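Worksheet: one structure, shown below.
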Amino acid sequence: MIRLEGLHDRIAIIGGGIAGLVAALELAPQPVVLITRAGLGQECSSAWAQGGIAAALGADDDPARHLADTLRAGDGLCDATVASGILSEAAEAIAVLERYGVRFDRAQDGTFALAREAAHSRRRILHVGGDRTGAEIMSALTRAVQHCPSITCLTGVEARRLVTADGCVAGVHLQAMGQAAVLRTAQVIMATGGCGGLFDASTNPSGNFGQGLAMAVRAGAALRDMEFVQFHPTALATDQAPLALISEAVRGEGAALIDQKGKRFMLHIANAELAPRDVVARAVHQVIAGGGRVFLDARASLGAGFAKRFPGIQALCAAHGIDPARDPIPIRPAAHYHMGGIAVNQTGQSTLPRLWAIGECAATGLHGANRLASNSLLEAVVMARRAASDVAASTMRARAFVPNPAALPDPDLATVRPTMSQHLGVIRHGAGLRNAISNLLPLVQSCGPASDPALVALAIAVFAEQRRGSCGGHYRSDFPEPEISPRSNLMTLTEILSHAHSVNQEPQLRTA
């Protein structure tokens with residue numbers, strides 16, 4: 001049974017990753033209910049982050065250089081004002097994490113040990129415990145949350161719907177063990193992570209399909225730039241699900257991409273292995289699509305030093321009989337990060353009154369069409385602090401009593417994954433996108449177990465079908481040229497469904 005006595009009218013934070021935990025801590029001493037379907041720090045992408053957190057703290061670096069790299073990677077779709085603001089708060093964000101117990105790796109002289117990743121012009125990536133950055137940050141934040149008396153954690157409880165009254169958030173529909181209840185609250189911060197679980201090959205927790213996005217758009221919030229899915233080019237090529245990640249930092253330390261013949265196939269591309277992720281992912285995809293295999297070769301660059309520099313990745317490889325000091329690492333692209341999401345302003349407010357969104361489920365404008373490596377953890381901390389400040393300044397009570405609803409069926413992702421993997425992958429085509437829309441629309445309308453995952457998938461497909469040009473993480477083989485003036489797009493549920501219906505009525509689909 002879900003016990004909510006004494007918890008109504010508190011600020012609700014949905015999601016237990018870095019963004020959600022920082023927001024809860026920054027709201028202290030205001031009472032907060034932190035809702036997560038697993039234990040704190042579990043089943044969240046934050047804990048799996050290997051690369052680190054980007055911050056322009058080096059003597060040869062500054063926020064302006066960081067901004068230039070971010071805008072370049074974002075392929076013309078970043079909001080420069082938003083990006084400049086977030087990146088300029090990097091030093092403060094690092095200080096906040098240290099205050100909550102995070103201990104970043106340091107060089108012998110006591111300065112931060114800074115690493116470089118793809119598309120960064122400087123070494124500006126901070127790590128904790130080598131390649132255990134996400135896990136170590138989550139561990140520190142979890143301890144801080146557990147010792148914070150103003151935070152009540154509802155673990156093992158899943159948020160499934162936002163309840164609204166008079167066009168504003170009024171509560172959260174919660175479920176656990178087949179039972180449902182409504183937490184009455186007029187302030188909700190959505191921090192539910194990404195949607196990589198919609199794909200067969202993903203580095204995200206398998207259950208992450210964008211539940212927060214489905215909740216927000218069903219309640220009336222607008223979504224932004226849903227077509228932009230970043231595929232990490234170097235996931236460990238195994239049969240496991242989700243796929244283990246081989247951090248971009250390995251390439252930052254000089255590892256090369258080679259095919260099955262040992263040939264480096266990216267030398268003709270600017271910056272080679274350190275090109276933006278979308279460029280590298282497409283190059284890897286094309287080798288594999290042509291019947292080849294791709295490997296990450298760190299033998300010359302790191303050799304015997306690999307295990308010390310990347311202990312977590314060393315352990316992952318060893319579990320599959322691979323020694324990176326002697327063996328090239330087999331890799332493949334996998335869905336990794338979603339640049340689109342719930343449209344928010346610079347304080348995290350969505351278009352639905354009393355709903356804020358932070359972290360990967362939100363689209364701030366920082367990442368544009370292609371996220372610059374390690375900017376996501378920085379964004380999560382900065383936006384969590386901004387949202388907490390904004391929420392604290394707008395305290396209000398829920399206005400409506402909502403009876404407990406019936407429980408909804410558990411989400412069915414298996415029905416959606418084949419369509420997403422076939423038609424919404426690294427390379428897309430108009431005919432495939434229209435087929436995806438045709439397949440997904442009935443699932444959304446069925447209101448069955450696949451309805452929520454299908455809704456998020458449909459939104460991605462509709463946004464992708466509308467963008468008839470290639471930009472960042474969205475590449476169409478039928479429109480391969482870059483858009484002259486790419487624009488950020490927003491759509492509500494009504495607009496998404498309307499476009500899906502219009503596509504579904506086109507002659508080629510009626511006769512298919």
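Before moving on, here are some points about what is shown:
- Computed from backbone phi with θ = phi - 60° and the Karplus coefficients 6.51, -1.76 and 1.60, the 3J(HN,Hα) list for the range 424-429 is 10, x, 4, 10, 10, 8 Hz; x is used for glycine and proline.
- Longest site-free stretch - the chain; sites: trypsin sites (Lys or Arg not before Pro), DSSP loop, at most 14 other Cβ within 10 Å: 104-260
- Taking 0.36 nm per residue of separation and subtracting the current Cα-Cα distance, fully stretching the chain between Thr152 and Ser477 would add 112.1 nm.
- Dividing the helix sum by the residues of the chain, where each DSSP H run of 4 or more adds -39500 (n - 2.57), gives a mean residue ellipticity at 222 nm of -9500 deg cm²/dmol.
- Here the range 409-510 is assigned +1 on the Cβ of each Lys and Arg and -1 on the Cβ of each Asp and Glu. Its dipole about the Cα centre then comes out at about 220 debye.
- Local electrostatic count, Thr419, Cβ distance below 14 Å [Lys/Arg +1, Asp/Glu -1]: 0
- Environment charge at Asp62 (Cβ cut-off 11 Å; Lys +1, Arg +1, Asp -1, Glu -1): +1
- A simple count of charges around Val128, restricted to other residues whose Cβ falls under 9 Å of its Cβ and scoring Lys, Arg +1 and Asp, Glu -1, yields 0.
- The range 194-311 - percent relative contact order, Cα under 8 Å, separation 6 or more: 22 percent
- Look at the alpha carbon pairs under 8 Å that are at least 6 residues apart: their mean separation over the length of the range 409-510 gives a relative contact order of 30 percent.
- Maximal additional length on extending the Thr494-Ile427 stretch stands at 21.4 nm, based on 0.36 nm per residue less the C-alpha distance.
FYI, it's all coordinate maths here, none of it is from the lab. As the structure is a prediction and not an experimental result, all values here were calculated from the model. All Cβ positions, glycine included, derive from the backbone under ideal geometry; neighbour counts span all protein chains shown.
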